[in-house]
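Below are the structure tokens for one structure; questions will follow.
The values are calculated or read from the model by the stated rules, or taken from the named source; none is laboratory data. All values reported here derive from a predicted model rather than from experimental measurement. Heads up, the Cβs are rebuilt from the backbone with ideal geometry, glycines too, and the neighbour counts pull from every protein chain shown.
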């Protein structure tokens with residue numbers, strides 16, 4: 001490694017309400033009506049910290065948050081941070097059918113692109129819920145125009161993550177592309 005090479009530190013932030021967290025949802029049985037929104041106040045504090053440090057980040061925004069707080073999403077984009085998709089309603093991919101998942105990401109992506117006027121190319125599943133059994137989600141993400149996914153979490157955890165996953169970026173190929181390129185399914189480029 002070149003001693004003079006710049007070091008890239010990637011920072012990403014999930015933009016969701018506190019009550020979207022799975023543990024919170026389980027604790028209240030999903031009854032969120034009447035709960036105070038805190039997402040604008042919290043995100044504005046993060047934006048101020050990033051501005052003070054001259055740092056940029058990727059903000060994975062829920063479609064429901066973008067629909068309810070379009071001004072917040074515009075503020076993030078105006079400060080030259082990347083807007084990426086975190087799904088629409090914070091539903092775990094592992095609890096969705098492929099058709100439900102497609103509908104969820106399509107809805108969220110449309111709202112985010114409408115608010116920002118720019119293409120949204122990144123996706124992160126709520127609670128990192130794309131595991132090996134949900135590998136079908138990658139084809140859907142590609143077909144919906146996403147260029148990267150940040151849903152793999154290489155840890156051993158009781159409800160998410162894949163402790164065998166690489167800690168470094170890997171390319172995921174569609175099954176048909178793998179055949180065309182002579183790669184076996186599951187191999188990285």
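When residue 152 is evaluated against the numbered criteria (1) surrounded by 15 or more Cβ atoms within 10 Å (Cβ to Cβ); (2) not in a loop (DSSP other than H, G, I, E, B), which criterion, by number, is the only one it fails?
Tallying (1) surrounded by 15 or more Cβ atoms within 10 Å (Cβ to Cβ); (2) not in a loop (DSSP other than H, G, I, E, B), residue 152 fails exactly one: (2).
Within the range 2-11, does at least one residue satisfy the condition of being at pLDDT 70 or above, touching a strand residue (DSSP E or B) at 6+ places or on another chain (Cβ under 6 Å) and closer than 19 Å to residue 122 by Cβ? Before the answer, list the steps.
Just the residues of the range 2-11 that are at pLDDT 70 or above, to begin with: 6, 8-11.
Still in the running and touching a strand residue (DSSP E or B) at 6+ places or on another chain (Cβ under 6 Å): none.
Scanning the range 2-11, I find no residue that is at pLDDT 70 or above, touching a strand residue (DSSP E or B) at 6+ places or on another chain (Cβ under 6 Å) and closer than 19 Å to residue 122 by Cβ, so the answer is no.
Please work out which residue is farthest from residue 151 (Cα to Cα), limiting yourself to the range 40-59 and to residues that are in contact with a helix residue (DSSP H, G or I) (Cβ under 8 Å, 6 or more places away or on another chain), surrounded by 15 or more Cβ atoms within 10 Å (Cβ to Cβ) and touching a residue at least 40 places away in the same chain (Cβ under 8 Å).
Taking the candidates together, the pick is 57.
Here is a further query. Report whether or not residue 90 is over 21 Å from residue 165 (Cβ atoms) and either in contact (Cβ under 8 Å) with a residue 24 or more places away in the chain or over 12 Å from the mean Cα position of the chain (by Cα) (or both).
Details: over 21 Å from residue 165 (Cβ atoms): yes; either in contact (Cβ under 8 Å) with a residue 24 or more places away in the chain or over 12 Å from the mean Cα position of the chain (by Cα) (or both): yes.
Yes, satisfied.
Identify the single condition in (1) within 21 Å of residue 129 (Cβ to Cβ); (2) part of a loop (DSSP other than H, G, I, E, B) that residue 80 does not satisfy, given that it satisfies every other one.
Only one criterion is unmet by residue 80, namely (1).
What number goes with the only condition from (1) over 30 Å from residue 48 (Cα atoms); (2) modelled with pLDDT of 95 or more; (3) out of contact with any strand residue (DSSP E or B) (no Cβ under 9 Å at 6 or more places or on another chain) that residue 144 does not pass?
Answer for residue 144: the failing condition is (3).
If you check residue 24 against the conditions, is it in contact with a helix residue (DSSP H, G or I) (Cβ under 7 Å, 6 or more places away or on another chain), at pLDDT below 95 and in a helix (DSSP H, G or I)? So that I can check it myself, show each step before the final result.
Numbers: in contact with a helix residue (DSSP H, G or I) (Cβ under 7 Å, 6 or more places away or on another chain): yes; at pLDDT below 95: yes; in a helix (DSSP H, G or I): yes.
Considered against the rule, which asks whether it is in contact with a helix residue (DSSP H, G or I) (Cβ under 7 Å, 6 or more places away or on another chain), at pLDDT below 95 and in a helix (DSSP H, G or I), residue 24 comes out as yes.
Can we say residue 100 is in a helix (DSSP H, G or I) and modelled with pLDDT under 95? So that I can check it myself, show each step before the final result.
Values: in a helix (DSSP H, G or I): yes; modelled with pLDDT under 95: no.
Considered against the rule, which asks whether it is in a helix (DSSP H, G or I) and modelled with pLDDT under 95, residue 100 comes out as no.
Quick one: how many residues across the range 43-65 are closer than 15 Å to residue 112 by Cα, touching a strand residue (DSSP E or B) at 6+ places or on another chain (Cβ under 8 Å) and assigned to a helix (DSSP H, G or I)? Give the derivation first.
Here is the first cut: in the range 43-65, the ones closer than 15 Å to residue 112 by Cα are 58-65.
Narrowing further to those that are touching a strand residue (DSSP E or B) at 6+ places or on another chain (Cβ under 8 Å): 58-63, 65.
Then keep just the ones that are assigned to a helix (DSSP H, G or I); that gives 63, 65.
So the answer is 2.
Next question. What number of residues in the range 104-138 are within 16 Å of residue 61 (Cα to Cα), assigned to a helix (DSSP H, G or I) and either at pLDDT below 95 or out of contact with any helix residue (DSSP H, G or I) (no Cβ under 6 Å at 6 or more places or on another chain) (or both)?
So the answer is 10.
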